[in-house]
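Okay, structure first, notes after.
The values are calculated or read from the model by the stated rules, or taken from the named source; none is laboratory data. Here the structure is a predicted model, which is why all the values come from computation and not from measurement. Backbone-built Cβ (ideal geometry, glycine too); neighbour counts: all protein chains shown.
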Amino acid sequence: MKKILFTSVLCHLTFYIFSQSSSLDATHIADTYSNSIVKILLFDSIAEKNQPGSGYIGRGSGFLVTEDGLIFTNRHTVEYCAFGYMDYIYNDPTTYEELRTISVYSQDRINDPATKKVIRTGHTAAIIQVYTGKGSDEYKLYYAKALAMDVGAFDGAVLKIVSDINKIPVSEKFHPVPIGNSDSTKQGEDLCLYGFPAQFDAGFSLTLQDMSTLTFGKHSGFDFVFNKDYGYIKTDASINSGNSGGPVFNKENKVIGIATATGNKTNIGLIGGINGMYNIVKSFPDLFSQLKQKGLSPPPAKAETGSSIVTGSKRFVIGQKKLKRIVVGKKVERQFQSGTFYIKLHYSSLPKDKYTLEALPDLPLTEPGKPIALASTSSEGIAFGYLFPLWKMSPHAKLSLDYTFVGGDWYFLDWSRIKLDSIPADSIEYGTNASPPALGKFYMRLGPAFSFLFFKRVVLDVYYQLSPTYLFFNDDALVYYTSKGKETLTLTNSIGLDHVIGGSIRYRAVSIGAEYVFSGAHKLDYLLERNGALSQNPAGTMKTNMFLFTLGVGLGSKDKE
């Protein structure tokens, strides 16, 4: 009987001890590892110097795995330290609102048309907060450097504490967590997440007072959709901003994972198995040997193919001076891609338009039908138009429709170049007013324009336009006297069709350029009157041939900065 009783007590005692050693003990975790769980604060001292209060960029969690200050965390928690960050304003593609955010530095993101303005770029330092007691002010601060991270399939990074907050090297020993095997966990197992979820939005000083939190959940299963190489452990425990990088304990009170993310659809937490850190630390032989002895196990062989391990050294980011030039350049590109009103002034030193006139019995021309350049003065003009963008071939090239909706040029004519036979010179008058006869050309133009944006707002425009033109003559051409009386030759107003080939260089709102205006022979009608009554209708032609210099002013763009 005594033997049976002793055996029963021994069995119960053995079961009790076994059950206690295999159950999650949250009190034990909190009491033992509160100084092993670290808060990681990302801080840019240059930004803080330029604008006090702007240096604190973000936060996350991590945990110590060696006595000399090695820390495991997520890559996305500390990637600003290596790759830099950018603070920028962008257009939301769904709501079209302008939003401000901070992301990992990316040249592609800077060049993205949706990025409206980059406010600043830089790198962050990793400040490590280690609690030494239960009070909110019982902690020490250290600096850590990023040693390595996986930029491939596994969201993991390794940091190393290098100094205290005063940049004095540290020699103290830290308290690491025990490491388990994430591949040995099972669905339904109890899990405990330990970290520093952000309970409020605050600056650096108040964030230091945000203390650690334990959350609990089940091992809900595995996920290989979000990560086909390593997979994730799913959990119903909450993973919030600031939790990322914190440890996940199993029933043996060992760390088997790193809190990583929360699914958008179900709010199920995703945990990266700690075995994924194996491939990151194996490039450091001494650390690798030490961590293997502590229990770090390799992940499945297939997982390694998805990893891409890089060092934590700082990568180049564009500085503020060049960044300002890029921001200006992006503004210029947006303005360049939009439409623009313009005004152009025209000038030609001496138009080469050619006129012909047929001979009649009452119009005895010395050289009938010979083309004659009648222009006697320079030509001036003005035009108003708009460039309608049609095709944005690239950020620096576009095709537009160049529409000149109204324009005009004018110059004076010297009809004395038309010679008459058998009529004395004192019997010929050229024009009837004090000023010589004038020609006015009024037109609209339409055609394609190719524009190319060069450095510092310089734009080259090349264009062709078709130009219906109205020719207006303001006075009699010539008056002469014969035995039959007073003969008066007058040009009638007419319509022609010109072609324009031009180019210009624009800088900001001002442009200078040149145009060549030419045409086939426009038909002209003349009136020959005798003593005030219509006598005959001589025919002739006019052929446009004019080289113009242009000075233009742009009146703005529809894009606003």
**Item:** Checking Ala301 against (1) surrounded by 15 or more Cβ atoms within 10 Å (Cβ to Cβ); (2) without any contact (Cβ under 8 Å) to a residue 60 or more places away in the chain; (3) out of contact with any helix residue (DSSP H, G or I) (no Cβ under 8 Å at 6 or more places or on another chain), the condition it does not meet
**Value:** (1)
**Item:** Which listed residue is within 25 Å of Thr469 (Cβ to Cβ) and in contact with a His (Cβ under 7 Å, 6 or more places away or on another chain), from Asp402, Asp409
**Value:** Asp409
**Message:** Residues to consider are Val151, Val225; find the one that is of a type in the set (A, V, I, L, M) and surrounded by fewer than 15 Cβ atoms within 10 Å (Cβ to Cβ).
**Reply:** Val225
**Message:** I need every pair where a residue in the stretch 167-191 that is under 14 Å from Lys294 (Cβ atoms) has its Cβ under 8 Å from the Cβ of a residue that is assigned to a loop (DSSP other than H, G, I, E, B) and of a type in the set (Val, Ile, Thr), sequence separation at least 6 or different chains.
**Reply:** Phe174/Thr66; Pro176/Val65; Pro176/Thr66; Val177/Val65; Ile179/Val65
**Prompt:** Would you pick out the residues in the stretch 374-411 that are surrounded by 15 or more Cβ atoms within 10 Å (Cβ to Cβ) and either of a type in the set (S, T, N, Q) or modelled with pLDDT under 85 (or both)?
**Reply:** Leu374, Ala375, Ser376, Thr377, Ser379, Lys392, Pro395, His396, Ser400, Thr404
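Yes or no, residue by residue, for (1) within 27 Å of the chain's Cα centre (by Cα); (2) within 17 Å of Gly552 (Cβ to Cβ); (3) of a type outside the set (A, V, I, L, M, F, W, C):
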residue: Asp353; (1), (2), (3): no, no, yes
residue: Leu360; (1), (2), (3): no, no, no
residue: Leu365; (1), (2), (3): no, no, no
residue: Lys370; (1), (2), (3): no, no, yes
residue: Tyr386; (1), (2), (3): yes, yes, yes
residue: Pro395; (1), (2), (3): yes, no, yes
residue: Leu399; (1), (2), (3): yes, no, no
**Filter result for Leu534 (in a strand (DSSP E or B) and at pLDDT 85 or above)** = no
**Request:** Scan the stretch 129-139 and give yes if some residue there is surrounded by 15 or more Cβ atoms within 10 Å (Cβ to Cβ), within 21 Å of Asp44 (Cβ to Cβ), assigned by TED's automatic domain parsing to the domain that holds Leu206 and among the polar types (S, T, N, Q), otherwise no.
**Result:** yes
**Message:** Please go through (1) hydroxyl-bearing (Ser, Thr, Tyr); (2) over 25 Å from the mean Cα position of the chain (by Cα); (3) modelled with pLDDT under 90; (4) surrounded by 15 or more Cβ atoms within 10 Å (Cβ to Cβ) for Thr66 and return the number of the only condition it doesn't satisfy.
**Reply:** (3)
**Request:** Could you please give the count of residues in the stretch 160-180 that are of a type in the set (A, V, I, L, M, F, W, C) and not in a loop (DSSP other than H, G, I, E, B)?
**Result:** 3
**Complete:** Within the stretch 252-297, the residues that are among the polar types (S, T, N, Q), in a loop (DSSP other than H, G, I, E, B) and within 24 Å of Ser34 (Cβ to Cβ) are Asn253
**Message:** If the requirement is being of a type in the set (A, V, I, L, M, F, W, C), surrounded by 15 or more Cβ atoms within 10 Å (Cβ to Cβ) and assigned to a strand (DSSP E or B), which of these qualifies: Val517, Val553?
**Reply:** Val517
**Asked** With Ala26, Ala82 as the choices, which residue is surrounded by fewer than 20 Cβ atoms within 10 Å (Cβ to Cβ) and either under 29 Å from Val158 (Cα atoms) or at pLDDT 90 or above (or both)?
**Response** Ala26
**Request:** Would you please list the contacts, defined by Cβ atoms under 6 Å and residues six or more apart or on different chains, that run from a residue in the stretch 456-472 that is under 11 Å from Tyr443 (Cβ atoms) to a residue that is of a type in the set (Ser, Thr, Tyr) and part of a strand (DSSP E or B)?
**Result:** Ser467/Tyr443; Thr469/Tyr443; Leu471/Ser494
